[in-house]
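Heads up, the thing below is written out as structure tokens.
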């Protein structure tokens, strides 16, 4: 009898499911709708691919990006699975051929975009096939509260009523409680099981840098990840090109990526990133969702993302192989003002804006946290954790200080100037500066003028940033980022409460680098001879992948190559015991790798 476990071994080459996979598969095989929230790298694809191979009728996978579909289809075909894919990037003739393989019953999996699936013609054709299952990948795109809402995904709410006998299985790595409820309600009216496997990615180190000089800070971070593959996120198209050129000048293999580049250039850039070692992509958030590269060793943000969910999703692209990876974020108050402007100007209703502002506040609280960052992040997603020991706050706990008096000076200045000005003017007045704008409004005559002259501007900037994160100060975007006093701040101003914050570092020197030197699992565990063999196997993998025109992991993942090196199989049967080597994949690629391992082993002896 064919079972999920036997299919996992014979088709995919794995001996056992990862934690959590079997629970999701059991729900699907029992015909129950399920929303699975699983951390990136936990193997969510197998949770629907294995049941799809066991069901009698076709299963339809809804995926948001052509690149994502093509990569998954290539990986499945490498394992000998008959899978079809229909999208706008293929010719009409190819799409017709793909559909014929589905309608004839040969292909058990069909990958489609939501736009293609929800056309009246495709839905009518689907009804004649009576699919066993619809899989909604990247399901956070369904929710209007999610970090990457796509309107075309909202139409998927029609699936359950139009195909009542089909299982709906939704998967995401990024969804807080409100988003999870919204997805389950939209896709199966809450009539299904939500399984949350956890959000913790303990292999990712977490660090925050307060903005001083973004280029200098980026350069310092990159010194610790030189020669590694990674992503640097920038907010604008112009900055992706500026930072990429800056990194190239510093000796890194960096390439810009944004939606304004020629489509062929974007494709070529992505292919280089997937196939070559040590490529750094400097990108807008247009880059990432379709990337399934397990050995990304770092993700660096040069600006503040839009929310903690978005940040979690973006850093989740690092370290999918389970080996150590570094993440860091550089931000300043200008980022906060800009992000709030984006929210207020996006044309959404007030309820949505309020929710997005609160989400931004949660990210700001994470950035200004004085405790373990992983605890703060996981608490946002409803999880508890012990201090991680793998974030900047755990490694160098911040010193807390009483900043009641300087905060009072700032609050007094905000009140005296009518709560109508941004941080630059507030700091100038509080420090007793002589500027044309101060004279224009006669702010040299206010009570707060010069009260904070003993404190430098960088100190007051840090104080305002922390007070904004702690809710003592607010920012009025409709009045161009004017600082205002909250009820918490007014309690401090009246002497009813004290104010404690992290010690404010005003020099560019730091006690620790923004990131530790990142070492992969292979670097930590393999001998010099093993490292040499691993390099040769990777070179062979790249040669084969280029011949196929596919990403390297479609041939074998890094984890599989490392297992080959450690086990050093000398026969086909032994090769089939390597994790990730199934019978079909061995037949296609295995002999070449087996021969290289035999040569290396005999040479060593």
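All of 241, 181 fail the test of being part of a helix (DSSP H, G or I), free of Cβ contacts under 8 Å to residues at least 60 places away in the same chain and within 21 Å of residue 377 (Cβ to Cβ), apart from 181. Of the residues in the range 146-157, at least one is at pLDDT 90 or above and closer than 26 Å to residue 358 by Cβ.
Scanning the range 254-274 for residues that are out of contact with any helix residue (DSSP H, G or I) (no Cβ under 8 Å at 6 or more places or on another chain) and buried (at least 18 other Cβ atoms within 10 Å of the Cβ) yields 266, 269, 273. Among the residues making up the range 428-456, those that are touching a residue at least 24 places away in the same chain (Cβ under 8 Å) and either more than 13 Å from residue 407 (Cα to Cα) or assigned by TED's automatic domain parsing to the domain that holds residue 361 (or both) are 441, 443, 446, 447, 449, 456.
A count restricted to the range 544-583 and to residues that are more than 19 Å from residue 295 (Cα to Cα) and not in a loop (DSSP other than H, G, I, E, B) stands at 8. Restricting attention to the range 46-60, the residues that are assigned to a helix (DSSP H, G or I) and in contact (Cβ under 8 Å) with a residue 60 or more places away in the chain add up to 5.
With respect to the conditions (1) without any contact (Cβ under 8 Å) to a residue 24 or more places away in the chain; (2) surrounded by fewer than 18 Cβ atoms within 10 Å (Cβ to Cβ), residue 383 falls short on a single one, namely (1).
Only a single item in (1) in a loop (DSSP other than H, G, I, E, B); (2) closer than 23 Å to residue 179 by Cα; (3) in contact with a strand residue (DSSP E or B) (Cβ under 8 Å, 6 or more places away or on another chain) is not met by residue 398, and it is number (2). Taken over the range 416-458, residues that are in contact with a helix residue (DSSP H, G or I) (Cβ under 7 Å, 6 or more places away or on another chain), outside any loop (DSSP other than H, G, I, E, B) and surrounded by fewer than 18 Cβ atoms within 10 Å (Cβ to Cβ) amount to 3.
Here's the yes/no breakdown for (1) at pLDDT 95 or above; (2) over 30 Å from residue 381 (Cβ atoms):
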residue: 227; (1), (2): no, yes
residue: 235; (1), (2): no, no
residue: 261; (1), (2): no, yes
residue: 266; (1), (2): no, yes
residue: 278; (1), (2): no, yes
residue: 294; (1), (2): no, no
residue: 298; (1), (2): yes, no
residue: 305; (1), (2): no, no
residue: 317; (1), (2): no, no
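Taken together, the residues in the range 184-227 that are assigned to a helix (DSSP H, G or I) and within 26 Å of residue 389 (Cβ to Cβ) amount to 6.
The set of residues from the range 244-275 being within 14 Å of residue 218 (Cβ to Cβ), part of a helix (DSSP H, G or I) and touching a strand residue (DSSP E or B) at 6+ places or on another chain (Cβ under 6 Å) comprises 244, 247, 248.
Would you check which residues across the range 298-311 are surrounded by 22 or more Cβ atoms within 10 Å (Cβ to Cβ) and under 20 Å from residue 218 (Cα atoms) and list them?
298, 299, 300, 301, 302, 304, 305, 311
You will find that of 143, 128, the residue that is surrounded by 24 or more Cβ atoms within 10 Å (Cβ to Cβ), over 21 Å from residue 72 (Cα atoms), assigned by TED's automatic domain parsing to the domain that holds residue 39 and without any contact (Cβ under 8 Å) to a residue 60 or more places away in the chain is 143 and no other.
Provide a single number: the residues in the range 401-414 that are part of a helix (DSSP H, G or I) and buried (at least 17 other Cβ atoms within 10 Å of the Cβ).
Residues of the range 401-414 part of a helix (DSSP H, G or I): 404-414.
Okay, now just the ones that are also buried (at least 17 other Cβ atoms within 10 Å of the Cβ), so 406-414.
Qualifying residue count, the range 401-414: 9.
Taking the condition under 30 Å from residue 553 (Cβ atoms) and touching a strand residue (DSSP E or B) at 6+ places or on another chain (Cβ under 7 Å), does residue 326 pass? Yes; evaluated as a whole, the condition is true for this residue.
Scan the range 472-517 for residues that are part of a loop (DSSP other than H, G, I, E, B), modelled with pLDDT of 85 or more and farther than 30 Å from residue 225 by Cβ and jot them down.
Step one: of the range 472-517, the residues part of a loop (DSSP other than H, G, I, E, B) are 472, 480-481, 486, 494-499, 503-517.
If we keep only those that are modelled with pLDDT of 85 or more as well, we get 472, 486, 494-499, 503.
Result: 472, 486, 494, 495, 496, 497, 498, 499.
Can residue 296 be described as within 23 Å of residue 556 (Cβ to Cβ), touching a strand residue (DSSP E or B) at 6+ places or on another chain (Cβ under 9 Å) and not in a strand (DSSP E or B)? Here the answer is yes, as residue 296 does meet what is asked. Scanning the range 23-45 for residues being in a helix (DSSP H, G or I), surrounded by fewer than 24 Cβ atoms within 10 Å (Cβ to Cβ) and over 24 Å from the mean Cα position of the chain (by Cα) gives a total of 4. Quick check: anything in the range 88-100 closer than 26 Å to residue 8 by Cα, in the same structural domain as residue 25 (by TED's automatic domain parsing) and touching a strand residue (DSSP E or B) at 6+ places or on another chain (Cβ under 6 Å)? The answer is yes, given that some residue of the range 88-100 is closer than 26 Å to residue 8 by Cα, in the same structural domain as residue 25 (by TED's automatic domain parsing) and touching a strand residue (DSSP E or B) at 6+ places or on another chain (Cβ under 6 Å). Taking the criterion of being within 26 Å of residue 144 (Cα to Cα) and within 18 Å of the chain's Cα centre (by Cα), the residues of the range 357-373 that qualify are 359, 360, 362, 363, 364, 366, 367.
The values are calculated or read from the model by the stated rules, or taken from the named source; none is laboratory data. The structure displayed is predicted, hence computed values, not measured ones. Backbone-built Cβ (ideal geometry, glycine too); neighbour counts: all protein chains shown.
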